2 protein chains.
Amino acid sequence: MNVTVLGVGLIGGSVALAARERAGAHVTGWDPDPAALSVALERGAVDAVAPDPATAVADADVIVVAAPLGALDRAVAEALAAAGLDAVVTDVGSTKAALTDRFGGDGRFVGGHPLAGAETAGVANARADLFDGATWYLTPNATTTGLLFERLHRFLAGLGARPVAIDAALHDRLMAGVSHLPHILANVLVAHATHALGDEEHLPATGPSFRDGTRVAGAHPALWADIYLANAPALIEALDDATLRLAAARDLLAAGDRDGLRSWQAQIADERRALIESGREGGPARELRVAVTNRPGVVADIALALGRAGIGIADMTLAPSPDNTAGVVVLWVGATDAERASRLIGDLGFAVTTS
Amino acid sequence: MNVTVLGVGLIGGSVALAARERAGAHVTGWDPDPAALSVALERGAVDAVAPDPATAVADADVIVVAAPLGALDRAVAEALAAAGLDAVVTDVGSTKAALTDRFGGDGRFVGGHPLAGAETAGVANARADLFDGATWYLTPNATTTGLLFERLHRFLAGLGARPVAIDAALHDRLMAGVSHLPHILANVLVAHATHALGDEEHLPATGPSFRDGTRVAGAHPALWADIYLANAPALIEALDDATLRLAAARDLLAAGDRDGLRSWQAQIADERRALIESGREGGPARELRVAVTNRPGVVADIALALGRAGIGIADMTLAPSPDNTAGVVVLWVGATDAERASRLIGDLGFAVTTS
């Protein structure tokens with residue numbers, strides 16, 4: 001398999017290393033920074049370097065665009081323009097709706113977002129095991145070519161990641177809620193402690209709730225300003241929702257409503273428990289065989305239905321061939337998810353048999 | 001030394017254990033729950049139990065009221081009514097302004113708040129080392145008897161704690177900022193993730209910022225509702241400030257102000273660093289000798305000036321005698337704080353010599 005990585009920083013470099021070591025792929029790299037390319041070659045992350053993006057993607061089966069958010073649009077456009085008709089193109093950006101809106105009409109493009117590797121940067125820190133067990137969101141749509149989605153899915157699972165298909169807009173709301181809003185609130189905690197407690201006062205000690213809640217405050221200013229902006233619509237929605245919830249808590253306090261505060265706190269305790277439990281790993285994998293008519297988007301439909309229900313797909317294959325008018329999609333999901341997955345796929349109108 | 005602990009739960013029981021083991025004190029205990037008293041006796045936390053609070057405090061030098069927030073007012077009033085004129089009475093409640101307003105006119109009362117022990121409860125979990133290195137806020141005022149403050153300070157340092165004198169109102173704003181507001185924001189994050197991301201959607205994965213930021217969400221509903229309410233004025237101020245800061249971040253996002261967001265994020269990074277650094281430990285202790293006229297409140301003035309500047313007092317003694325018209329207060333502070341402490345005390349009009 002020929003894999004091309006455009007942008008060999010921490011993420012791109014780690015994809016390259018894992019693709020060579022774990023998938024036995026031939027990896028071609030390109031980067032606007034020649035020094036990064038040299039390090040990638042020295043570290044054995046890439047087999048070859050290309051002089052420009054178009055040359056780099058010419059013979060690729062899988063193209064991973066690992067450019068920074070500001071350069072992503074142009075890099076994906078270049079990759080799609082130069083890639084073959086049978087190549088799948090993905091990216092690793094942290095927001096997905098805008099990109100999927102722009103490129104989702106091309107069946108070869110599948111948006112991607114691995115949840116890994118925020119603490120360091122650069123190819124020097126790249127590791128083949130960076131994605132082990134990490135959720136890797138994919139945002140296929142009805143236009144996505146099933147064969148190419150399946151190839152990308154299997155490639156990423158082969159790197160050690162857990163690919164999860166998800167609607168692009170939901171992905172962005174999810175990221176706003178579980179990552180971008182926590183960063184903003186961490187910043188607010190630090191700003192409040194710094195400015196609202198009096199300029200002349202040092203903070204003699206902080207509680208563990210403050211330390212935990214501010215660990216990400218002020219993270220990587222240039223990077224995070226871009227992340228906030230790339231997800232501005234969803235993040236603004238999240239901020240508005242958070243503001244309403246703060247106001248509700250303030251009302252309970254101002255009213256001295258002890259019962260109301262206790263109920264709220266107890267409800268949050270339940271909700272937190274439910275969130276934690278919904279994230280738990282399933283048991284061993286079960287195989288699901290789904291008979292499908294080979295219409296466009298069928299693989300994406302199934303993957304999205306499972307992703308929407310929080311069910312990760314451990315592996316996936318198409319049999320006998322996606323070019324036939326009918327075929328079988330074989331999926332592996334966690335044993336505890338198998339029954340639910342089977343029902344969800346059945347609801348889509350497909351016949352499912354489980355191992 | 002005779003020490004009385006009213007309320008032998010986790011905090012009271014730990015004070016009792018440490019007082020016996022580390023200060024060689026004779027400890028008398030009382031608790032409205034006879035079972036808790038029995039366990040305290042069995043565990044060797046107290047030497048003796050009393051039938052009622054008045055009997056318990058009759059011969060005490062130091063009285064620690066470790067009652068829950070709802071019962072604190074009445075318990076402190078009872079203790080002051082029954083205690084000798086030479087006893088110091090303190091509490092361990094998490095907010096201080098209301099209590100200090102009510103009882104601060106009595107020179108024997110010093111409000112207290114140890115930052116320790118939120119994860120478990122009950123005398124069964126009490127430990128003599130619970131306060132090792134923990135900040136223990138004290139809120140003396142101009143009426144506080146210097147001799148009694150010094151006795152309490154030395155007693156708490158003997159338990160392993162780091163007593164820090166602080167203005168009661170500032171204490172409450174500080175707690176709102178570094179503890180109560182983080183809890184409210186953690187709750188808001190959980191509520192947003194649960195309700196704003198769509199009822200039918202499971203949350204496939206959460207980032208580390210979400211996990212860190214929600215660790216305390218929904219903590220101990222009954223306890224925390226009372227903590228919020230006890231500090232309602234300061235917490236409402238903090239919520240209002242946080243809401244304004246959220247709105248400012250939203251404005252930057254809505255305006256697409258990349259430079260503004262980068263500056264904000266970078267400023268927060270600096271502020272977070274400053275907060276962390278201001279909390280660092282000093283080196284070895286240095287001795288400061290302060291010549292004072294023995295007017296009321298002089299010890300509290302000095303302790304508050306240092307506490308306000310974030311300087312912890314490792315130990316303190318009054319020499320030759322606080323009853324003379326003039327005397328010497330001997331303080332030990334961290335070596336890196338010694339020069340600043342000396343200047344601050346000099347600013348109060350006292351002559352200081354350092355070791």
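What the table shows:
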{"item": "Residues satisfying the stated conditions in segment B:14-38, i.e. surrounded by fewer than 18 Cβ atoms within 10 Å (Cβ to Cβ) and closer than 19 Å to B:A121 by Cα", "result": "B:P32, B:D33, B:P34, B:A35, B:S38"}
{"item": "Unique residue being within 7 Å of chain A (Cβ to nearest Cβ) and of a type in the set (A, V, I, L, M) when the list is B:A124, B:A191, B:A161", "result": "B:A191"}
{"item": "Listing of helices (runs of 4 or more DSSP H) fully contained in segment A:1-110 that carry 3 or more residues being of a type in the set (D, E, K, R) and more than 28 Å from A:I227 (Cα to Cα)", "result": "A:10-23"}
{"item": "Residue that is open to solvent by less than 10 Å² (accessible area, probe 1.4 Å), without any contact (Cβ under 8 Å) to a residue 60 or more places away in the chain and either touching a helix residue (DSSP H, G or I) at 6+ places or on another chain (Cβ under 9 Å) or not β-branched (V, I, T) (or both), where the choices are A:A186, A:A134", "result": "A:A186"}
{"item": "Residue within segment A:272-286 that is modelled with pLDDT of 85 or more, open to solvent by 70 Å² or more (accessible area, probe 1.4 Å), in a helix (DSSP H, G or I) and of a type in the set (D, E) present", "result": "no"}
{"item": "Filter result for the condition that a residue is on the phi < 0 side of the Ramachandran plot, in contact with an Asp or Glu (Cβ under 6 Å, 6 or more places away or on another chain) and aliphatic (A, V, I, L, M), over A:V39, A:V49, A:V8", "result": "A:V8"}
{"item": "Single residue of A:D212, A:D199 found to be at pLDDT below 90, under 30 Å from B:P182 (Cβ atoms), out of contact with any Ser or Thr (no Cβ under 8 Å at 6 or more places or on another chain) and open to solvent by 40 Å² or more (accessible area, probe 1.4 Å)", "result": "A:D199"}
{"item": "Counted residues, segment B:103-119 - those being more than 18 Å from the chain's Cα centre (by Cα) and either modelled with pLDDT under 85 or open to solvent by 50 Å² or more (accessible area, probe 1.4 Å) (or both)", "result": "1"}
{"item": "Verdict on A:T145 being of a type in the set (V, I, T), free of Cβ contacts under 8 Å to residues at least 24 places away in the same chain and either within 21 Å of A:R22 (Cβ to Cβ) or out of contact with any His (no Cβ under 6 Å at 6 or more places or on another chain) (or both)", "result": "no"}
{"item": "Answer residue from segment B:218-259, given it is in a loop (DSSP other than H, G, I, E, B) and more than 7 Å from chain A (Cβ to nearest Cβ) and is surrounded by the fewest Cβ atoms within 10 Å (Cβ to Cβ) among those", "result": "B:A255"}
{"item": "Those residues of segment A:137-179 which are in contact with a helix residue (DSSP H, G or I) (Cβ under 8 Å, 6 or more places away or on another chain), of a type in the set (S, T, N, Q) and open to solvent by 10 Å² or more (accessible area, probe 1.4 Å), in sequence order", "result": "A:N141, A:S179"}
{"item": "Residue in segment A:314-326 that is within 14 Å of another protein chain (Cβ to nearest Cβ), in a strand (DSSP E or B) and modelled with pLDDT under 75 present", "result": "yes"}
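Rundown of residues vs (1) under 25 Å from A:R173 (Cβ atoms); (2) in contact with a helix residue (DSSP H, G or I) (Cβ under 7 Å, 6 or more places away or on another chain); (3) not hydrophobic (A, V, I, L, M, F, W, C), yes/no style:
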residue: A:V88; (1), (2), (3): no, yes, no
residue: A:S94; (1), (2), (3): yes, yes, yes
residue: A:D101; (1), (2), (3): yes, no, yes
residue: A:G104; (1), (2), (3): yes, no, yes
residue: A:A116; (1), (2), (3): yes, no, no
residue: A:V123; (1), (2), (3): no, yes, no
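The values are calculated or read from the model by the stated rules, or taken from the named source; none is laboratory data. These numbers were taken from a predicted model, which means no experiment stands behind them. Cβ coordinates were reconstructed from backbone atoms using ideal geometry, including for glycine residues, and neighbour counts include every protein chain displayed. Ligands, DNA and RNA are excluded from the accessible area calculation, which covers all protein heavy atoms including side chains. Shrake-Rupley method; radii C 1.70, N 1.55, O 1.52, S 1.80 Å.
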